[in-house]
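Step one of this worksheet: look at the structure below.
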Amino acid sequence: MFDESDYERASKLAQNEIDAALSRHRAQQAARGAGRETCLECGEPIPAARRLAVAAELCVDCQAIQERQANMTGGAMSWTLNWTALRFSLDLLMLVGVVMVGIYSWWVARNQATKSAIDTVGERVYSVEERMTRVERDIRNLPTPSDLYELNQRIATVHGDLREIKGALQGLSRAVDLMNEHLISRGGRD
């Protein structure tokens with residue numbers, strides 16, 4: 001997940017922090033004057049050039065011993081490097097986490113929109129299928145052209161029969177009228 005360039009950047013950042021702190025310390029010492037004239041550990045005199053350069057409080061030998069002990073026990077410098085790398089790693093991990101949550105949220109929202117759109121289209125398709133089924137059933141029940149021709153022939157036959165019946169009824173009606181006239185004209189003489 002992390003490559004060497006990440007660790008190198010973290011180490012450079014830590015070294016820059018150390019260099020900046022050392023520069024501030026030197027500037028403060030230069031403003032106050034030189035460092036101690038004698039070593040705090042062994043009491044030996046500290047050369048003037050060393051006192052002016054780093055505002056030293058230890059001689060070169062005692063400083064070397066202290067630095068070796070700090071490196072063997074994972075002293076302050078080692079801890080600073082590890083803390084900076086850890087902080088960088090945590091920041092990077094948080095960034096990756098935020099990006100992952102964002103992608104997940106986008107994906108879920110996208111799928112929800114797609115699911116609801118699919119459901120809506122599914123309902124519409126079902127409605128159209130039902131309507132089509134009814135129309136197909138109605139079309140199947142419609143008369144065919146041969147059925148319509150046969151029906152037309154039957155209607156023509158019935159029409160002819162009705163004309164005949166009409167003629168017969170007119171004849172009967174005339175006969176009944178004549179009978180009524182005869183009965184009326186006789187005037188009930190029986």
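Observations on the structure shown:
- Among the residues here, Arg110 does not qualify as in the same structural domain as Ser11 (by TED's automatic domain parsing) and surrounded by 10 or more Cβ atoms within 10 Å (Cβ to Cβ).
- Among the conditions (1) at pLDDT below 80; (2) closer than 30 Å to Glu8 by Cβ; (3) in a helix (DSSP H, G or I), Asp91 misses just one, which is (1).
- Only a single criterion out of (1) under 21 Å from Ser23 (Cα atoms); (2) more than 60 Å from the chain's Cα centre (by Cα); (3) modelled with pLDDT under 80 is not satisfied by Leu40, namely (1).
- Boolean, Arg110 is at pLDDT 90 or above and assigned to a helix (DSSP H, G or I): no
The values are calculated or read from the model by the stated rules, or taken from the named source; none is laboratory data. What you are looking at is a predicted structure, and each value in this text was computed from that prediction instead of being measured. Positions of Cβ are generated from backbone atoms using ideal geometry, with glycine treated the same way; all protein chains shown enter the neighbour counts.
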